Each structure stands twice: as C-alpha cells, then as structure tokens.
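Undergrad: I am attaching a structure below and will ask some questions about it afterwards.
The values are calculated or read from the model by the stated rules, or taken from the named source; none is laboratory data. Remember, it's a predicted structure, so these values are computed and weren't measured experimentally. So basically every Cβ, Gly included, is an ideal-geometry build from the backbone, and we count neighbours across all protein chains shown. Calculation scope for accessible area: heavy atoms of the full protein, side chains included, ligands and nucleic acids excluded. Shrake-Rupley method; radii C 1.70, N 1.55, O 1.52, S 1.80 Å.
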Amino acid sequence: MSAPQNWTKALYKELAEKITNSIAAIEWVDLWHNQVGFLENEHPFPTPAVFLSFRSNQLKDLSQKVQQVILQVDFYLYFETFTDTYKGSYNQDEALSFLDTIDELNKIMHASSGENYTGMKRVSFNPEDTGNAGNLYRISYECLSNDYTAFVEYENGTFADMEVERFIVEP
C-alpha cells in the first residue's frame, strides 16, 4: 500500500475505477449520501448505480502519526425498475438482472487488494427499503488501509554556510 495524503479520496477513486473497468452494466458510481431517498431532488443519475460509503471499524496506531484502519466499505447497488420478479412474469429475467450485477461486484471485490487497501472481504449483504420502484442492496466489505494523513514527510536537505571542524577528544 502506498502512502497517499488523502487516503479516503484515493481509495474511493481506486474502487470506482475498479468497478467501472470490470462491470459494464454499472452506469454510475458515486459517494453515498442517500441519493435514492430523495430522487425527486437529486441530480439525476442512470441505473444501475453503485454508491460507496466508508466507516472505520477499528483504528490501530502504527507510529505516532500513522494508523492502520480496519475499514468498512459499503457498496449500495441501486436498480430502478418497473419490471416484475414474480415466478412466471413476462419480464422476470430482466427484473432479476440486478442479482447478476451483485455477483459481479462480489467477484471483483471479495479477496481483492489494491494500492490503497488490502484484504477486502464481504461481511454482510442486505436489502434496503427505498420506498420507490427501485431495488437497493447494501453489500458491506471490510479491508485494511493505512492512514498517513497526519504523517509529516521531511525532505533531505543540506546546510548552507556551515563548516565542520574535526578534532580528537583525549580521555
């Protein structure tokens, strides 16, 4: 893992790129702020969409200014649909396609590592109520990341206008 100055931003960008490069069905990736609960007021987004949220589960000091973070990453997978999932429905396969996308997401995330995290593992999977015609699932993963944001990096330098004299100290 590298030492970015803003590890959460770097991690978000890395995961968003991994999703968009691996799952063609995903049309939108964003940070989670309950967009699906306020669809009429939100910036419109295409679906299927994935929203990411981050929370620390445990912090461990590695040094005075560096922490190891056991991080929970929640992937909110949202599909807006007006199709039916009941057995025998005309468009059941289309209605259930979001389940394939959930599997694809797990294939690329579970047991993965990257520049800003390691040891990604799925820890929960839950449907979420949206109150609208959409399907929303929260798939939670846990991983390790190192937080260097408080770390101060010093550059090597030289002293100007300084002379050093050598002398022998006798006992």
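Undergrad: Mind sorting out which of [x] 1.52; [y] 1.93; [z] 1.02 is the real Cα Rg over 2.2 N^0.38 Å computed from the coordinates?
TA: Given [x] 1.52; [y] 1.93; [z] 1.02, the structure-derived one carries the label [x].
Undergrad: Please compute the contact order of the chain in relative form: average sequence separation of alpha-carbon pairs under 8 Å and at least six residues apart, divided by the residue count, as a percent. It would help to have the intermediate numbers written out before the result.
TA: Details: 292 pairs, mean separation 44.1, N = 171.
Contact order relative to length: 26 percent.
Undergrad: Simple spin-label model, 7 Å along Cα-to-Cβ: LYS107 to TRP32 in nm?
TA: Roughly 2.3 nm, to one decimal.
Undergrad: Under the 0.36 nm per residue contour assumption, what length would be gained going from the current alpha-carbon distance of GLU163 and ASN57 to full extension?
TA: Length gained between GLU163 and ASN57: 32.9 nm.
Undergrad: Continuing with this model, one more query. Mind computing the radius of gyration and Dmax over the alpha-carbon atoms of region 109-160? Å is fine for both.
TA: According to the Cα coordinates of region 109-160, Rg and Dmax are 20.2, 70 Å.
Undergrad: Carbon and sulfur: what percent of the chain's accessible surface (1.4 Å probe)?
TA: 48 percent
Undergrad: Using a 1.4 Å probe, what is the accessible area per residue for region 100-156, in Å²?
TA: For region 100-156, the solvent-accessible area averages 57 Å² per residue.
Undergrad: Still on this model: Using heavy-atom solvent-accessible surface (probe 1.4 Å) with all chains present, what is the largest-first order of PHE98, PHE167? Could you put the intermediate results ahead of the total?
TA: Working: PHE98 15, PHE167 160 Å².
Of PHE98, PHE167, the descending order of accessible area is PHE167, PHE98.
Undergrad: Could you work out which residue, out of ASN21, ASN116, ASN146, moves most in a Gaussian network model of the chain, that is, has the largest mean-square fluctuation with Cα springs under 10 Å?
TA: In this elastic network of the chain, the residue with the biggest mean-square fluctuation among ASN21, ASN116, ASN146 is ASN21.
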